[in-house]
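Participant: Can you keep this structure in mind? I'll have questions shortly.
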Amino acid sequence: MLLGEYKHNLDIKGRVAVPAKFREKLVGGAIITRGLDSCLFVFGSKEWEVLAEKLVSLPLAQANSRAFSRLMLAGAMDVELDNQGRILIPDYFRKYADLKKQVVVAGLYSRVEIWDQDNWDKYKQKTENSSEEIAEKLGELGI
């Protein structure tokens, strides 16, 4: 399980440290891709394979399916942890997620999200302010 919220600095080369407790899940290989809400997603190889299979099986004739598949698959790339437990975030991903110096690395069970610190703080505040409404909608879905 990947759980927790960690603050790190993006170094001048565009590398970010992966929290030590996440590294064992990513040692066998990891994939980084565009996420939703202006963040990046990082998946371990096994989790990525499951998601990629679902994405390629979406109906090709539906515009939303094509768009979402392109978002997730087109720019995705393999990343490896270096000796210090860092991954290199390509420039085009740093621009997509508006990453500056301070970032948040958040574990969400089967994936890691990488956020710009300011964007994370804004998103978290908005979500916390709407938590009752969100819980009510999820209750309608049986959660």
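The values are calculated or read from the model by the stated rules, or taken from the named source; none is laboratory data. Since this is a predicted model, take the numbers as computed values, not measurements. Neighbour counts run over all protein chains shown; Cβ positions are idealised from the backbone, glycine included. Protein only, heavy atoms only, side chains kept; ligands, DNA and RNA dropped before computing areas. Shrake-Rupley method; radii C 1.70, N 1.55, O 1.52, S 1.80 Å.
Participant: With r as the distance between the Cβ atoms of ASN129 and ASP91 and R0 = 25 Å, compute the FRET efficiency 1/(1 + (r/R0)^6) and round to 0.05.
Facilitator: Computed FRET efficiency for ASP91 and ASN129: 0.15.
Participant: Still on this structure, please answer the following. Taking 0.36 nm per residue of sequence separation and subtracting the Cα-Cα distance, how much length would be gained by fully extending the chain between LYS7 and LEU55, in nm to one decimal?
Facilitator: Additional length available on full extension: 14.2 nm.
Participant: If you rank MET77, MET72 by how much accessible surface each has, with a 1.4 Å probe, what is the order from largest down?
Facilitator: MET77, MET72
Participant: Pick from VAL112, VAL56, VAL104 the residue whose mean-square fluctuation is largest in a GNM of the chain, springs joining Cα atoms under 10 Å.
Facilitator: Sorting by GNM fluctuation, first place goes to VAL56.
Participant: Ordered by packing density, taken as the mean number of other Cβ atoms within 10 Å over each peptide's residues, highest first, how do 58-64, 47-53, 78-84 rank?
Facilitator: Packing proxy ranking, top to bottom: 47-53, 78-84, 58-64.
Participant: Here is a follow-up. Within region 80-124, list the residues whose amide N lies under 17 Å from a label point set 7 Å along Cα→Cβ of LEU141.
Facilitator: So the set is 108-111.
Participant: Over the chain, with every protein chain in place, what whole percent of the accessible area is carbon and sulfur at 1.4 Å, could you tell me?
Facilitator: Summing carbon and sulfur atoms, their accessible area is 53 percent of the total for the chain.
Participant: Ranked from the most accessible area to the least, with a 1.4 Å probe and all protein chains present, what is the order of LYS7, LYS25?
Facilitator: Largest accessible area first, the list is LYS7, LYS25.
Participant: Tell me, what HN-Hα J-couplings in whole Hz come from the Karplus equation 6.51 cos²θ - 1.76 cosθ + 1.60 at θ = phi - 60° for each residue of region 19-29, using x for Gly and Pro?
Facilitator: Rounded to whole hertz, the list is x, 3, 6, 8, 4, 4, 6, 10, 4, x, x.
Participant: What dipole magnitude, in Debye to the nearest 20, does region 1-130 give about its Cα centre under +1 on Lys/Arg Cβ and -1 on Asp/Glu Cβ?
Facilitator: It works out to roughly 140 debye.
Participant: Would you calculate a helix-derived [θ] at 222 nm for the chain, using -39,500 (n - 2.57) for each DSSP H run of n ≥ 4 and dividing by the full residue count, to the nearest 500?
Facilitator: The helix-only estimate for the chain comes to -12000 deg cm²/dmol at 222 nm.
Participant: If you don't mind, there's one more thing I want to ask. The list (1) 1.09; (2) 1.34; (3) 1.00 gives values of Cα Rg over 2.2 N^0.38 Å, and only one came from this structure; which label was calculated from it?
Facilitator: After the calculation, the listed value that fits is (1).
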